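The values are calculated or read from the model by the stated rules, or taken from the named source; none is laboratory data. Quick caveat: nothing in here was measured; it's all calculated off a predicted structure. FYI the Cβ positions are ideal-geometry reconstructions off the backbone, even for glycines, and counts take in every protein chain you see.
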Amino acid sequence: MIDIHCHLEKMRDPLKIIKEIQNRNINVITSCASIEDADKTLEFAKNKNIFCSLGLHPTEVIKLSDKDIENYIELIKNNSKDIVAIGEVGLDYKWISNEKDQTKTKEVFIKFIKLSKELNLPIVIHSRNSMNDCLKILDENEAKKVVIHCFSGNAGQLKYATELGYFISINTILTKNKNIKQAVKKVQMNKMLLETDSPWMDPKSVGELTNVPWNIETLISEISKIKGISKLEVENITDKNAVEFFGL
Ligand SMILES: [Zn+2]
């Protein structure tokens, strides 16, 4: 089992969680979304069963100077051997509504797309109320290995993303969101990845920081019902997808 997107640095007791991940022999990719968390994230990834990606959440982008962002891109380049992806990066129009800030996040998003191509690493996309712009920018900038994290777009957006060959990451809140359920029905198994975004997105208590990577197990069981295939098949196919996509 592989949780392709979680945030160990945001968990109350990351070392305990890492132990449990190892005991259960699952694999996770912990995703760094701010400069302050980069060192900690790289440190986590030295543990067995833990991989990491480095990115910058759009709400972080608007707080930083161009120089800060350039320095961070340098840091990512210098650590590129120890990461499996760039991300999460993207656009967030829920939290960023003014045009000037949105423009800045678009410019920085393009820089990260270029970086992922330069380093030949996958790019993990954060998109909130901004799916059309995200897909357009990825398409225009010929992004190569793309996964849309916590996909919750509509049918048209799903079609556009999958036609571009992008992977769709299904989150543990599947049962709470009809767009995600639709996506599971429509997306081909060989384009699907699984994630918790833990500690957020606990399907049992949305809004609380209680989600954990092994909740992927419940997700697998939900997907197996929707797709009408066995849990083992869901697990095997999505594991294979993750191993190949991220080069784990
Ligand atoms: Zn995330």
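Quick look at the numbers
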read-out	value
Number of the exception - LEU232 against (1) outside any loop (DSSP other than H, G, I, E, B); (2) hydrophobic (A, V, I, L, M, F, W, C); (3) in contact (Cβ under 8 Å) with a residue 24 or more places away in the chain	(3)
Residue match in the stretch 63-74 (condition: farther than 20 Å from GLY247 by Cα, of a type in the set (Asp, Glu) and either modelled with pLDDT under 95 or in contact with a Lys or Arg (Cβ under 7 Å, 6 or more places away or on another chain) (or both))	no
Segments classed as strands (runs of 3 or more DSSP E), wholly inside the stretch 1-109, with at least 1 members that are touching a residue at least 24 places away in the same chain (Cβ under 8 Å) and more than 16 Å from the ligand (Cβ to nearest atom)	27-32
Positions within the stretch 46-99 being in contact with an Asp or Glu (Cβ under 6 Å, 6 or more places away or on another chain) and within 17 Å of CYS6 (Cβ to Cβ), in sequence order	GLY55
